[in-house]
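Scroll down for the structure; my scribbles are underneath it.
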Amino acid sequence: QLVESGGGLVEPGGSLTLSCAVSGFSVDYSSIGWFRQAPGKEREGVSCISSSDGYVHYADSVKGRFTISRDNAKNTVYLQMNSLKPEDTGVYYCALEPNQLGRLCRDRNGYLFWGQGTQVTVSS
C-alpha cells in the first residue's frame, strides 16, 4: 500500500514536501517513482529512484528544483519541491515496483503499485 500526503495550495515560488508512506515492501529494495497528471494531460514522470543501484532521475522540467529522497527507517519516500511554478499543478502519484528498475524507473508502465494521489495547486 502506498499513501501520499503533503499536497496543497501554494503560491508560485513556494515549497511543498510530498510523502509516500509504503507498507508491504521495503523502499530500500524497491524502485519508487513520482508522477503527476494535470487536467486534460497524460500522466508524466517527475522523478524516480531505483533500488540498490541508487539510480535517480529527474524530469528536465523539475531538475534543480525537486529532490527525491527516502527514509528507510520510516519506509517513506519524499519529494521536496522548491521554486514551484503554476505548471507544476496537478495530482501527484507515487508508484512502487519491488525490483531494481534502473533507468527504466522513468517509465510509468514499469510500476506495479500506485498510490491514490495528492493534489498540488500552484497559484497566486
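Tabulated results
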| item | result |
| --- | --- |
| Selected residue (criterion: most open to solvent (accessible area, probe 1.4 Å)) from residues of the stretch 1-38 that are touching a Gly at 6+ places or on another chain (Cβ under 9 Å) and either free of Cβ contacts under 8 Å to residues at least 24 places away in the same chain or not in a strand (DSSP E or B) (or both) | GLN1 |
| Residues (open to solvent by less than 30 Å² (accessible area, probe 1.4 Å), among the hydrophobic types (A, V, I, L, M, F, W, C) and in contact with a Phe, Trp or Tyr (Cβ under 7 Å, 6 or more places away or on another chain)) located in the stretch 80-118 | MET81, CYS94, ALA95, LEU96, CYS105 |
| Hits in the stretch 70-124 - residues which are basic (Lys, Arg) and either over 12 Å from the mean Cα position of the chain (by Cα) or farther than 17 Å from PHE25 by Cβ (or both) | LYS74, LYS85, ARG103, ARG106, ARG108 |
| Residue satisfying condition, being surrounded by 18 or more Cβ atoms within 10 Å (Cβ to Cβ), more than 14 Å from THR118 (Cβ to Cβ) and not hydroxyl-bearing (Ser, Thr, Tyr), within set VAL46, VAL77, VAL56, VAL62 | VAL62 |
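The values are calculated or read from the model by the stated rules, or taken from the named source; none is laboratory data. Because the structure is predicted, anything quoted here is derived from the model rather than measured. Quick reminder, even Gly has a Cβ in these numbers, built from the backbone with ideal geometry, and neighbours come from all protein chains shown. Keep in mind that these areas ignore ligands, DNA and RNA; they rest on the heavy atoms of the full protein, side chains included. Shrake-Rupley method; radii C 1.70, N 1.55, O 1.52, S 1.80 Å.
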